[in-house]
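As structure tokens, the structure follows; a few thoughts come after it.
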Amino acid sequence: MTMRVYNTLSREKEMFEPVVPGKVGMYLCGPTVYKPAHIGHAVGPIIFDSIKRYLVYKGYSVHWVVNVTDVEDKIIVEAEKRGVDVMELARDLERQYVDGLARLGVRSIDAMPRASEHIGGMIEHIQGLIERGYAYVVGGDVYFDVSKDKDYGKLSNRKQEEQLSGTRDGLVDKGKRNPGDFALWKAAKAEEPDAVKYESPWGKGRPGWHIECSVMAAKLLGVTFDIHGGGMDLIFPHHENEIAQSESLTDKPFSKFWLHHGLTRFNTKKISKSDADMARVMVDLQLNNLLAKHPAELLRFLILSSHYRAPIDFSPETLEAAGKGLGTFHRLFERLERVIGASPYKAEKRIEQVRDQANGPVAAAFLDEVLGDQVRFLEAMDDDFNTAAAIGVLFDMAGRVNRFIEQTRLETKRDEAAAVLASGGATTLIFLGRLLGLFEQAPETQSVGGDELTGELVKLLIDVRAMARKSKQFEIGDEVRKRLDGLGILLEDRADGTLWRRK
RNA sequence: GGCCGCGUACCCAAGUGGUUCAAGGGGACGGAUUGCAAAUCCGUUAUUCGUCGGUUCGAAUCCGACCGCGGCCUCCA
């Protein structure tokens, strides 16, 4: 099955063919580390991590690079404001970011190069552009001359002349030939810390914003690689400028595919730091704070529940609804463990490996349906990594396994073949979910909070309640259940005992 | 002003020309099950896809206009 991927460059879905057969190089624009990451900063990594998992499943050898921009104006300003060392601030924020991503299941990044460690390569690149006449020096600054680049604007579909009308006061600064020219190298200012003053042929200074990506991508992935991605807001000017400065030096295509994901919103507005309304909720939207309040799997699930190019409106309501949906899977896996006595998280045999257990029409139908679901899941992923549709299939599968358990009365009747089949269905479901980074391990449920005493006390109440119910004193039993419910604890009476979990 | 994207049920959200194309989730309501619940299963909840036109044998899906929302053009995932 071939994959189709939407390419911003052509504004169409294209057949996915890597530059080198069997190998995929992908680059995602990572953060500028000057403030704690928010949920929006996790969207790209989660999607790319899922893409990588899927490509690996399809048999590709994938190399994935995420940059860290640790030399930039805003970091200098922020460090100054906090009275801390620039590089310390950058490292600290980078560490927090990487930790957050790891918790979200993003563990497949192969390299995270830092801008500060590739200054030499950037200087070489800039020199090459000057020699070829694409860049010019003004004082200690170096600018890229967009008028020399004939196809400038091809990614964002902009014409330079039309941009002029948007030019505002102060934009036409010091010695630029065209307002659209952008800095490749910025001369150091006297008051800036030494840590960000790098020697160059043009005097002390530091690289402009876009050059690090061009240089690090080429170094780690080759002059032309397969997939370059980031948020929609990076299309212009960041990615446009990357293309300009890369292709003007090499005369070869930079990235073959450009993938841009939708921006995360809150109350229909992009999560940004400049809005007063947004400033109030900003702390809650920080990655570390969200991870403290919600399971990482849920955040990941929510993000993958809509297509990557669509914007996600992030709110407590959407989180709650997603949490309920996700709970369906967790309860199914618990149910299976209870019925079969083995955790589906550890089971290895997928449905096609136990097809010989399907005797009888009910089992045969179940087998067919699950096999069909598997195909539908893969088709969804093949079509521009449609994780939203893929998750829809996972819900169908959960319903099927539950139904099969009901139909075969597995909970009360011993049926080895049916049990193996049900387990195979759930294992398939888990296997597919894991391509999205979901269901990696059983969620902490019963022992939430790690408070042993709570567990013992609830058990005690359940036992007392069972005694009451046995002697038909239901009012007492119901009172216990009601009071526990008020404390956020739900009881489930089953034939083989009472289960509890937190709401 | 220029460029780009979006507008599908009460909410979220797939679907970009035609045999289940109106998925899936949340919510609500009915039924099975349960002492009652919970969980699970079954069923109902958009003859209609922002509005108005057009193309077509046929459109949520293509074209045009309009309305609304958002993004970029300045730092931004």
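The values are calculated or read from the model by the stated rules, or taken from the named source; none is laboratory data. The shown structure was predicted, so the numbers you read here are calculated from the model rather than taken from an experiment. As a convention, Cβ positions derive from the backbone with ideal geometry for all residues, glycine included, and neighbour counts pool all protein chains shown. Surface areas here come from the heavy atoms of the whole protein model, side chains and all, with no ligands, DNA or RNA. Shrake-Rupley method; radii C 1.70, N 1.55, O 1.52, S 1.80 Å.
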query: How about the stretch A:357-398: which of its residues are open to solvent by 10 Å² or more (accessible area, probe 1.4 Å), within 11 Å of RNA strand B (Cβ to nearest atom) and among the acidic types (Asp, Glu)?
result: A:Glu369, A:Glu379, A:Asp383, A:Asp396
message: A:Ala111 - would you say it is surrounded by 15 or more Cβ atoms within 10 Å (Cβ to Cβ) and touching a residue at least 12 places away in the same chain (Cβ under 8 Å)?
response: no
query: Among the helices (runs of 4 or more DSSP H) confined wholly to the stretch A:9-128, which include 2 or more residues that are in contact with a Phe, Trp or Tyr (Cβ under 7 Å, 6 or more places away or on another chain) and either closer than 30 Å to A:Phe182 by Cα or at pLDDT 95 or above (or both)?
result: A:40-57, A:73-82
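Quick grid of which residues meet (1) in a strand (DSSP E or B); (2) within 16 Å of RNA strand B (Cβ to nearest atom); (3) buried (at least 21 other Cβ atoms within 10 Å of the Cβ); (4) within 34 Å of the chain's Cα centre (by Cα):
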residue	(1), (2), (3), (4)
A:Leu184	yes, yes, yes, yes
A:Gly203	no, no, no, no
A:Arg206	yes, yes, yes, yes
A:Glu212	no, yes, yes, yes
A:Ala218	no, no, no, yes
A:Asp226	yes, no, yes, yes
A:Ile235	no, yes, no, yes
A:His238	no, yes, no, yes
task: Could you please give the count of residues in the stretch A:41-82 that are free of Cβ contacts under 8 Å to residues at least 40 places away in the same chain, touching a strand residue (DSSP E or B) at 6+ places or on another chain (Cβ under 6 Å) and of a type in the set (Gly, Ala, Ser)?
output: 1
- request: Test A:Ile430 against the stated conditions and say whether it is more than 12 Å from RNA strand B (Cβ to nearest atom) and at pLDDT 95 or above.
  value: yes
statement: (1) surrounded by 14 or more Cβ atoms within 10 Å (Cβ to Cβ); (2) outside any loop (DSSP other than H, G, I, E, B); (3) within 12 Å of RNA strand B (Cβ to nearest atom) all hold for A:Gly424 apart from (3)
query: Is there any pair with a first residue in the stretch A:480-499 that is at pLDDT 90 or above and a second that is open to solvent by less than 60 Å² (accessible area, probe 1.4 Å) and not in a strand (DSSP E or B) whose Cβ atoms are under 6 Å apart and which are 6 or more apart or on different chains, and what are they?
result: A:Val480/A:Arg465; A:Thr498/A:Ile462
task: State whether one or more residues within the stretch A:241-260 are out of contact with any strand residue (DSSP E or B) (no Cβ under 7 Å at 6 or more places or on another chain), within 14 Å of RNA strand B (Cβ to nearest atom), of a type in the set (D, E, K, R) and not in a loop (DSSP other than H, G, I, E, B).
output: yes
